[in-house]
(Lines give C-alpha, C1' and ligand atoms only; values in the text may rest on other atoms or scores of the structure.)
Protein backbone atom coordinates (compact mmCIF):
# COMPACT_ATOMS: atom_id res chain seq x y z
CA UNK A 1 0.00 0.00 0.00
CA UNK A 2 1.33 3.47 -0.91
CA UNK A 3 1.96 5.59 2.17
CA UNK A 4 -0.27 8.41 0.89
CA UNK A 5 -3.14 5.92 0.62
CA UNK A 6 -2.84 4.55 4.15
CA UNK A 7 -6.12 4.97 5.97
CA UNK A 8 -4.77 6.73 9.06
CA UNK A 9 -7.09 8.68 11.37
CA UNK A 10 -6.75 10.84 14.45
CA UNK A 11 -7.40 8.83 17.60
CA UNK A 12 -5.88 5.58 16.37
CA UNK A 13 -3.00 3.60 17.86
CA UNK A 14 -0.47 2.41 15.29
CA UNK A 15 2.73 0.40 15.49
CA UNK A 16 5.57 2.56 14.16
CA UNK A 17 9.31 2.53 13.61
CA UNK A 18 10.67 5.72 15.18
CA UNK A 19 14.26 4.94 14.27
CA UNK A 20 17.31 5.26 16.49
CA UNK A 21 16.71 6.27 20.11
CA UNK A 22 18.39 9.56 21.06
CA UNK A 23 18.83 10.36 24.73
CA UNK A 24 15.49 10.19 26.54
CA UNK A 25 13.53 10.46 23.28
CA UNK A 26 11.55 7.33 22.47
CA UNK A 27 12.81 5.41 19.45
CA UNK A 28 12.63 1.99 17.83
CA UNK A 29 9.47 0.06 17.04
CA UNK A 30 6.60 0.91 19.38
CA UNK A 31 2.93 1.89 19.54
CA UNK A 32 2.09 5.54 18.88
CA UNK A 33 -1.14 7.52 19.04
CA UNK A 34 -2.20 9.62 16.05
CA UNK A 35 -2.91 13.10 17.43
CA UNK A 36 -3.27 15.09 14.20
CA UNK A 37 -2.63 14.92 10.45
CA UNK A 38 -0.19 17.27 8.73
CA UNK A 39 -0.56 17.31 4.97
CA UNK A 40 -0.90 14.18 2.85
CA UNK A 41 2.15 12.32 4.16
CA UNK A 42 2.80 13.29 7.79
CA UNK A 43 1.10 12.87 11.18
CA UNK A 44 1.66 14.19 14.68
CA UNK A 45 2.08 11.31 17.13
CA UNK A 46 2.52 10.67 20.85
CA UNK A 47 4.72 7.65 21.63
CA UNK A 48 3.76 4.97 24.15
CA UNK A 49 6.22 3.24 26.46
CA UNK A 50 6.03 0.36 28.93
CA UNK A 51 9.13 1.56 30.78
CA UNK A 52 7.99 4.59 32.74
CA UNK A 53 9.72 5.13 36.07
CA UNK A 54 7.66 5.42 39.24
CA UNK A 55 7.19 9.12 38.54
CA UNK A 56 3.93 10.07 36.88
CA UNK A 57 3.22 13.54 35.56
CA UNK A 58 0.13 15.46 34.42
CA UNK A 59 1.36 15.15 30.82
CA UNK A 60 1.32 11.34 31.01
CA UNK A 61 -1.77 9.25 30.20
CA UNK A 62 -1.98 5.59 31.22
CA UNK A 63 -3.16 2.90 28.80
CA UNK A 64 -3.74 -0.79 29.51
CA UNK A 65 -4.24 -4.07 27.69
CA UNK A 66 -7.97 -3.29 27.70
CA UNK A 67 -7.13 -0.42 25.31
CA UNK A 68 -5.87 -2.92 22.74
CA UNK A 69 -2.19 -2.98 23.73
CA UNK A 70 -0.09 -6.05 24.50
CA UNK A 71 1.21 -4.44 27.72
CA UNK A 72 0.19 -1.64 30.06
CA UNK A 73 1.78 1.52 28.69
CA UNK A 74 2.01 5.28 29.16
CA UNK A 75 1.52 7.98 26.53
CA UNK A 76 4.23 10.64 26.77
CA UNK A 77 2.67 13.85 25.47
CA UNK A 78 5.89 15.76 26.18
CA UNK A 79 7.36 13.78 23.25
CA UNK A 80 4.75 14.86 20.70
CA UNK A 81 6.41 14.55 17.29
CA UNK A 82 5.90 14.74 13.53
CA UNK A 83 6.64 11.62 11.46
CA UNK A 84 6.19 10.40 7.90
CA UNK A 85 3.34 7.99 7.16
CA UNK A 86 5.98 5.57 5.89
CA UNK A 87 7.03 4.94 9.50
CA UNK A 88 3.58 3.59 10.40
CA UNK A 89 3.45 -0.21 10.07
CA UNK A 90 -0.04 -1.32 11.08
CA UNK A 91 -3.03 -0.20 13.12
CA UNK A 92 -3.44 -1.64 16.61
CA UNK A 93 -6.59 -0.09 18.06
CA UNK A 94 -8.82 2.97 18.43
CA UNK A 95 -8.47 5.32 21.39
CA UNK A 96 -11.68 5.79 23.38
CA UNK A 97 -13.29 9.22 23.52
CA UNK A 98 -12.53 9.37 27.25
CA UNK A 99 -8.82 8.66 26.69
CA UNK A 100 -8.67 11.21 23.87
CA UNK A 101 -10.04 13.85 26.25
CA UNK A 102 -7.30 12.94 28.75
CA UNK A 103 -4.68 13.22 26.01
CA UNK A 104 -5.94 16.63 24.94
CA UNK A 105 -5.87 17.88 28.52
CA UNK A 106 -2.36 16.47 29.00
CA UNK A 107 -1.19 18.24 25.85
CA UNK A 108 -2.62 21.54 27.09
CA UNK A 109 -0.80 21.09 30.40
CA UNK A 110 2.41 20.24 28.52
CA UNK A 111 2.12 23.45 26.49
CA UNK A 112 1.35 25.54 29.57
CA UNK A 113 -2.10 26.47 28.26
CA UNK A 114 -4.14 24.72 30.92
CA UNK A 115 -3.49 25.23 34.61
CA UNK A 116 -3.65 22.18 36.86
CA UNK A 117 -6.42 22.47 39.43
CA UNK A 118 -5.11 21.95 42.97
CA UNK A 119 -7.56 22.15 45.85
CA UNK A 120 -7.51 21.95 49.64
CA UNK A 121 -8.47 18.47 50.80
CA UNK A 122 -6.78 16.59 47.98
CA UNK A 123 -4.02 13.99 48.28
CA UNK A 124 -1.18 14.47 45.80
CA UNK A 125 2.04 12.60 45.10
CA UNK A 126 4.90 15.06 45.57
CA UNK A 127 8.67 15.31 45.45
CA UNK A 128 9.76 16.92 48.72
CA UNK A 129 13.44 16.78 47.86
CA UNK A 130 16.27 15.63 50.09
CA UNK A 131 15.35 14.31 53.52
CA UNK A 132 16.75 16.41 56.39
CA UNK A 133 16.87 14.87 59.87
CA UNK A 134 13.49 13.52 60.92
CA UNK A 135 11.65 15.55 58.27
CA UNK A 136 9.85 13.66 55.54
CA UNK A 137 11.54 13.93 52.16
CA UNK A 138 11.66 12.26 48.77
CA UNK A 139 8.64 11.25 46.74
CA UNK A 140 5.53 10.60 48.83
CA UNK A 141 1.81 11.38 49.19
CA UNK A 142 0.90 14.71 50.78
CA UNK A 143 -2.39 16.32 51.77
CA UNK A 144 -3.18 19.83 50.54
CA UNK A 145 -4.12 21.71 53.72
CA UNK A 146 -3.95 25.28 52.46
CA UNK A 147 -3.29 27.23 49.29
CA UNK A 148 -1.86 30.67 48.51
CA UNK A 149 -0.82 31.69 45.02
CA UNK A 150 1.85 29.33 43.72
CA UNK A 151 2.42 27.79 47.15
CA UNK A 152 0.50 25.15 49.08
CA UNK A 153 0.49 24.05 52.72
CA UNK A 154 0.98 20.30 52.77
CA UNK A 155 0.88 17.52 55.36
CA UNK A 156 3.24 14.66 54.48
CA UNK A 157 2.10 11.06 54.78
CA UNK A 158 4.33 8.17 55.79
CA UNK A 159 3.86 4.42 55.95
CA UNK A 160 6.58 4.06 58.60
CA UNK A 161 5.09 5.32 61.87
CA UNK A 162 5.60 3.19 64.98
CA UNK A 163 3.94 5.41 67.58
CA UNK A 164 0.67 7.25 67.18
CA UNK A 165 0.18 10.73 68.63
CA UNK A 166 -2.81 13.11 68.87
CA UNK A 167 -1.38 15.11 65.98
CA UNK A 168 -1.36 12.02 63.74
CA UNK A 169 -4.25 10.94 61.51
CA UNK A 170 -4.34 7.46 60.00
CA UNK A 171 -5.22 6.79 56.35
CA UNK A 172 -5.69 3.46 54.58
CA UNK A 173 -5.84 2.03 51.08
CA UNK A 174 -9.58 2.74 51.13
CA UNK A 175 -8.64 6.44 51.16
CA UNK A 176 -6.95 6.09 47.77
CA UNK A 177 -3.42 5.25 48.92
CA UNK A 178 -1.25 2.30 47.89
CA UNK A 179 -0.60 1.41 51.53
CA UNK A 180 -1.81 2.36 54.99
CA UNK A 181 -0.20 5.65 56.00
CA UNK A 182 -0.22 8.34 58.67
CA UNK A 183 -0.55 12.10 58.20
CA UNK A 184 2.03 13.95 60.31
CA UNK A 185 0.54 17.29 61.35
CA UNK A 186 3.74 18.22 63.18
CA UNK A 187 5.43 18.37 59.78
CA UNK A 188 2.94 20.74 58.16
CA UNK A 189 4.97 22.87 55.74
CA UNK A 190 4.74 25.09 52.66
CA UNK A 191 6.03 24.06 49.24
CA UNK A 192 5.83 25.37 45.69
CA UNK A 193 3.14 23.75 43.52
CA UNK A 194 5.90 22.61 41.14
CA UNK A 195 6.70 19.88 43.69
CA UNK A 196 3.27 18.32 43.14
CA UNK A 197 3.36 15.54 40.56
CA UNK A 198 -0.13 14.09 40.28
CA UNK A 199 -3.39 13.81 42.21
CA UNK A 200 -4.15 10.58 44.07
CA UNK A 201 -7.46 11.10 45.85
CA UNK A 202 -9.76 13.43 47.78
CA UNK A 203 -9.87 13.40 51.58
CA UNK A 204 -13.32 12.62 53.00
CA UNK A 205 -15.06 15.31 55.11
CA UNK A 206 -14.71 13.14 58.24
CA UNK A 207 -10.96 12.76 57.71
CA UNK A 208 -10.61 16.50 57.03
CA UNK A 209 -12.26 17.20 60.39
CA UNK A 210 -9.77 14.86 62.08
CA UNK A 211 -6.92 16.69 60.35
CA UNK A 212 -8.25 20.07 61.49
CA UNK A 213 -8.58 18.78 65.06
CA UNK A 214 -5.02 17.41 64.97
CA UNK A 215 -3.85 20.80 63.65
CA UNK A 216 -5.40 22.57 66.64
CA UNK A 217 -3.79 20.07 69.03
CA UNK A 218 -0.41 20.52 67.33
CA UNK A 219 -0.70 24.30 67.65
CA UNK A 220 -1.77 24.15 71.29
CA UNK A 221 -5.11 25.73 70.41
CA UNK A 222 -8.17 24.88 72.49
CA UNK A 223 -10.65 22.78 70.56
CA UNK A 224 -14.11 24.44 70.41
CA UNK A 225 -16.83 22.52 72.32
CA UNK A 226 -18.92 21.80 69.23
CA UNK A 227 -16.01 20.98 66.91
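Selection of the stretch 187-209 for residues being touching a helix residue (DSSP H, G or I) at 6+ places or on another chain (Cβ under 8 Å) and at pLDDT 90 or above yields 188, 203, 204, 207.
Only residues that are part of a strand (DSSP E or B) and touching a helix residue (DSSP H, G or I) at 6+ places or on another chain (Cβ under 6 Å) were counted in the stretch 156-176, giving 2. Residues in the stretch 108-126 that are surrounded by 13 or more Cβ atoms within 10 Å (Cβ to Cβ) and at pLDDT 85 or above were compared, and the one that is farthest from residue 202 (Cα to Cα) is 126. Checking each residue in the stretch 127-153 for being modelled with pLDDT of 90 or more and buried (at least 19 other Cβ atoms within 10 Å of the Cβ) picks out 141, 142, 143, 144, 145, 152. For the stretch 203-227, a tally of residues being in a helix (DSSP H, G or I), farther than 12 Å from residue 167 by Cα and in contact (Cβ under 8 Å) with a residue 40 or more places away in the chain returns 1.
For residue 65, indicate whether it is modelled with pLDDT of 90 or more, loosely packed, with under 14 Cβ neighbours inside 10 Å and closer than 17 Å to residue 11 by Cα. Answer is yes for this residue. Within the stretch 55-114, the set of residues being assigned to a loop (DSSP other than H, G, I, E, B), in contact (Cβ under 8 Å) with a residue 24 or more places away in the chain and under 24 Å from residue 127 (Cα atoms) comprises 55, 56, 57, 58, 59.
Scanning the stretch 122-149 for residues that are part of a loop (DSSP other than H, G, I, E, B) and in contact with a strand residue (DSSP E or B) (Cβ under 6 Å, 6 or more places away or on another chain) gives a single hit, 136. Look at residue 99 and say whether it is under 24 Å from residue 26 (Cα atoms), within 15 Å of the chain's Cα centre (by Cα) and surrounded by fewer than 16 Cβ atoms within 10 Å (Cβ to Cβ). Criteria not met by residue 99.
The values are calculated or read from the model by the stated rules, or taken from the named source; none is laboratory data. In this text, all values refer to a predicted model and were calculated from it rather than measured experimentally. Cβ atoms come from the backbone with ideal geometry, glycine included; neighbour counts cover every protein chain shown.
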